[in-house]
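Accompanying notes for the structure given below.
The values are calculated or read from the model by the stated rules, or taken from the named source; none is laboratory data. The structure displayed is predicted, hence computed values, not measured ones. All Cβ positions, even for glycine, are placed from backbone atoms using ideal geometry, and neighbour counts span all protein chains on display.
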Amino acid sequence: MFRVARRPSATTIPMLGTSLKQTKKGHMYMRRKLTAGNWKMNGNRGLMAELGTLSGSQSADAPEIVICPPHPLLTRAIDATSGSPIEIGGQDCHAATKGAYTGDVAASMIAETGATFVIVGHSERRDGHSESDETVRSKAEAAWAAGLTAIICIGESDAERAGNDTLQIIAEQLQASLPDGATAENTVVAYEPIWAIGTGKVPTLAQIIETHDMLRGELLTRLGDAGTGIRLLYGGSVKPTNAAEIFQAENVDGALVGGASLKAADFQPIIDALAAS
Ligand code: PGA
């Protein structure tokens, strides 16, 4: 493990889980750290006890925390975290506002439960449900229209990484999946290498830094100042044992966590590592 120097151009002042930073041009901006848990198709009423444990253990300077349970559990999760700073999100939404889409859920339905986020474009949706970048972009727009923050996921496959195509593939995915009008309030971007999801494999810190720095550059080019405030999460086998190292990267503003978000005892050390970063 090695320590990466923070960029000399940025002054970091920890404030309630927030980094207040100064750009080279002297503008101040904030990116609140964020830990998001993606329960995927896991969970039942019993798992609400884990949310109760998490709710009771957050300090005032904790990062922002979002848990995304399966849709039937959204209301229970909202109840289980009521009065705590933990927010709730959906794992996917349809691009349409309503209609004959059996099995799908509109963004407004997720918002009506009291949820504030929704994941779109997770690789398990892109691969398992043939979702294109255009579909993901439409879903993000639907999320915004419902007042939700979209967590837009992108990531390269094993073969793309092996072929040294990662940066180009990821840049193209970002540009095609991100709608115009993205802001720090309505959008979070999660970089999740497909080969790292659920496998226990993680990119090296140098690879994470390279990808996230490139993504920050893409956001700035596309969105100007708004690109400064959009949070970039890393996802893929984040665990209590590797979180602190991953969070050393300047442009990693938090994590999207799958397996390790199912137990408070695993998720809390990741939250703590982010708060300490
Ligand atoms: P994992 O999943 O942490 O279990 O690898 C991450 C994700 O798919 O969001």
Among VAL120, VAL105, which is the only one that is crowded, with 22+ Cβ neighbours inside 10 Å and at pLDDT 95 or above? VAL120
Looking at segment 136-157, I want the residues that are more than 12 Å from LEU178 (Cα to Cα) and have a partner that is in a loop (DSSP other than H, G, I, E, B) and among the acidic types (Asp, Glu) with Cβ atoms under 9 Å, at least 6 apart or on another chain. Which pairs are those? THR149/GLU185; GLY155/GLU192; GLU156/ASP165
With respect to GLU245, determine if the residue is under 21 Å from PRO63 (Cα atoms), modelled with pLDDT of 95 or more and either in contact with a Lys or Arg (Cβ under 6 Å, 6 or more places away or on another chain) or away from the ligand (no atom under 14 Å from the Cβ) (or both). yes
Going through segment 132-155 one residue at a time, which ones are touching a Pro at 6+ places or on another chain (Cβ under 9 Å) and either part of a loop (DSSP other than H, G, I, E, B) or surrounded by fewer than 24 Cβ atoms within 10 Å (Cβ to Cβ) (or both)? ARG137, SER138, GLU141, TRP144, GLY155
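Out of the residues in segment 216-241 that are within 16 Å of the ligand (Cβ to nearest atom) and surrounded by fewer than 18 Cβ atoms within 10 Å (Cβ to Cβ), state the one that is nearest to LEU178 (Cα to Cα). Even if it seems obvious, please write down each step before you answer.
As a first pass, look at segment 216-241 and keep what is within 16 Å of the ligand (Cβ to nearest atom): 231-241.
Retained after the next criterion (residues that are surrounded by fewer than 18 Cβ atoms within 10 Å (Cβ to Cβ)): 239-241.
Numbers: LYS239: 28, PRO240: 30, THR241: 32 Å.
Once the filter is applied, the top-ranked residue is LYS239.
When residues of segment 179-216 are filtered for being in a helix (DSSP H, G or I) and not hydrophobic (A, V, I, L, M, F, W, C), how many remain? Before you say what the answer is, go through the steps one by one.
Kept after step one, since they are in a helix (DSSP H, G or I), are these residues of segment 179-216: 194-196, 205-216.
Filter once more, keeping what is not hydrophobic (A, V, I, L, M, F, W, C): 207, 210-213, 216.
Residues in segment 179-216 being in a helix (DSSP H, G or I) and not hydrophobic (A, V, I, L, M, F, W, C): 6 in total.
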Test ILE78 against the stated conditions and say whether it is modelled with pLDDT of 95 or more, surrounded by fewer than 22 Cβ atoms within 10 Å (Cβ to Cβ) and more than 25 Å from VAL252 (Cα to Cα). yes
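With the structure loaded, tell me whether ARG126 is touching a Ser or Thr at 6+ places or on another chain (Cβ under 9 Å), farther than 19 Å from TRP195 by Cα and modelled with pLDDT of 95 or more or whether it fails that test. Lay out the reasoning, then the answer.
On the way: touching a Ser or Thr at 6+ places or on another chain (Cβ under 9 Å): yes; farther than 19 Å from TRP195 by Cα: no; modelled with pLDDT of 95 or more: yes.
It is false that ARG126 is touching a Ser or Thr at 6+ places or on another chain (Cβ under 9 Å), farther than 19 Å from TRP195 by Cα and modelled with pLDDT of 95 or more.
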